[in-house]
1. Using amide H atoms built in the peptide plane, which far-off residues or other-chain residues are under 5 Å from Ile264 H to H?
2. For the stretch 211-326, just list the percent of Cα-Cα distances falling in each 10 Å bin from zero outward, please.
3. To the nearest 0.05, what FRET efficiency results for Ala435 and Asp315 with a Förster distance of 25 Å applied to their C-beta separation?
4. Please name whichever of Ala378, Pro51, Thr19 sits farthest to the positive end of the charge dipole of the chain, dipole taken about the Cα centre and charges placed at Cβ: Lys and Arg +1, Asp and Glu -1.
5. With θ set to phi - 60°, apply the Karplus curve 6.51 cos²θ - 1.76 cosθ + 1.60 along the stretch 210-225 and write out the HN-Hα couplings as whole Hz, x wherever there is a Gly or Pro.
6. Please compute the length gained on full extension between Val291 and Arg2, using 0.36 nm multiplied by the number of residues separating them and subtracting their Cα-Cα distance.
7. Considering only C-alpha atoms, what is the centroid distance from the stretch 350-376 to the stretch 279-301, in Å?
8. Relative contact order for the stretch 211-326: what is it in percent, counting Cα pairs under 8 Å that are at least 6 residues apart?
Amino acid sequence: MRTDLLTDPIAGLDEALSTVDAFDHVLVAGLLRPQQVTGLTELADAVSGSPLAARVAEAAEKTAAGAAGEEHFVSLAAARIAVFGSVHDALAARVAGATGRTSEEDAVPGAAGAESPNLLAAARSWLSDLARAGWQGIDHDLISASAPVISALLAEPGLRRLAVLLDGFAAELAASCPGAALDRVPVRRWGDLWSRGMLLTVPGVAAAPAVGTVTGRLLPLGVDLLEHATAAQAQVHAVFEPDDGTASRLVRASVTVPKPDTIIGAGIWQLLRPHLSLLTAVSEGRSMDLVEMPVTAEGDLLWQDEHARLGELADPFATARVALPKAGTAPIAPLDRHPARIAVPVFLEGYGTEGDEDALAFTFAGNRLAVETDRIPAAGPLTPKAVAISSACIGLIRWDEGGFRLQPLAVETTVRKKTSGVHAGAWAGGTTDKAGVKAEKAATDAAAVLRERAGRLLRK
């Protein structure tokens, strides 16, 4: 792997990000009567050579004059997403060059979905009011106006993606009211949520991805565990080898569940296991045989246990050394082209280390790759200390804070001349590890108490 490509500067990257930042600061004060029009003109200039040029130029002019309508805000949101899409593509191309891995360039097809133009228009109207007020102008009356719209959207299965985004966005904004009193505004995050929401109100954009089926062998690499106070998600990254002899490719399988905030650490696996048998294979270091498993064009397996069975032993490090370099990557849908979406499985060895466990980096012949030890979940045996003394690593290349970073999923360490693997998802299917067993028992006790209290409330 050519790690030097991950540290070399990318032409135009800083300028593109600066353009987005300038527009996002216009959103802080609001688009009703923008005091800073530079961000609008910079955004229009950034897409002047694209099919969006005329629409965005008009939108920037109308907005600067305080006469913009909803259609103009949609154009500005589309331009912002397009600029971030170019950033994503440049970063993805650099990762592809570093890994030597091929990617599919075909557009991602979408499946036809039911449209509800009145609901989409209502959501677009609220987002437009939000943009006019700006983040410093939000108040509880403005945010509460989203409640009936979100309730109606949630009732439509085809609009759940937009509904969930708006629900989470409104909750964040409500917790930050009034905007005039905010000491710090999450400018880029709220800009991301607003622009994505605006695009999702355009008919056809939120259509579900087309789904096919695959048959073959699945070789897990590792698990990325994400935890929130009220939800948890496990995403398994794997190499899929089709039975028909075509090229292998990278795929993902995810499960998301609600959770009480009292269940943390290894106890989270108890909530996830019943919904994804693949976690057992990950824990036991085995492959899975798939038969007509549903999959999207972007490589996301829509997991159904009846289409999978446990296969033979398959060491993730053997998979990473032999199968991973030859696996292709799936195309990315236009709306999902964002730097935050980059999470590319890689295998590294022969590196040195520098820094401590809180600010660790792998070094390669003068090149330095920062390691995100803060992304290592507490629900497994992998620790920053194990990463610091490792000799090989399976991880995800991400982009954050202006550079590429590595999120470890598993490492190989040598203790008393014996090499062993330590995996973040080792406890996914169950464990005999003392710390894991203790955490699981605590989670079981907490869940039992919650069920008893829920039953008591229902009886009342």
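Just so you know, all these numbers are worked out from the coordinates, no wet-lab data involved. Quick caveat, the model's predicted, so the values are computed rather than measured. When we count neighbours, we look across all protein chains shown, and the Cβ atoms used for this are built from the backbone with ideal geometry, even at glycine.
1. HN-HN under 5 Å from Ile264: empty list.
2. Reading the bins upward from 0: 14, 46, 30, 9, 1.
3. 0.60
4. My answer, from the dipole projection, is Ala378.
5. Here the 3J(HN,Hα) series is 5, 10, x, 9, 9, 10, x, 10, 10, 10, x, 9, x, 10, 9, 9 Hz.
6. Details: separation 289, 0.36 × 289 = 104.04 nm, distance 3.60 nm.
Between Val291 and Arg2, full extension yields 100.4 nm more.
7. 30
8. 31
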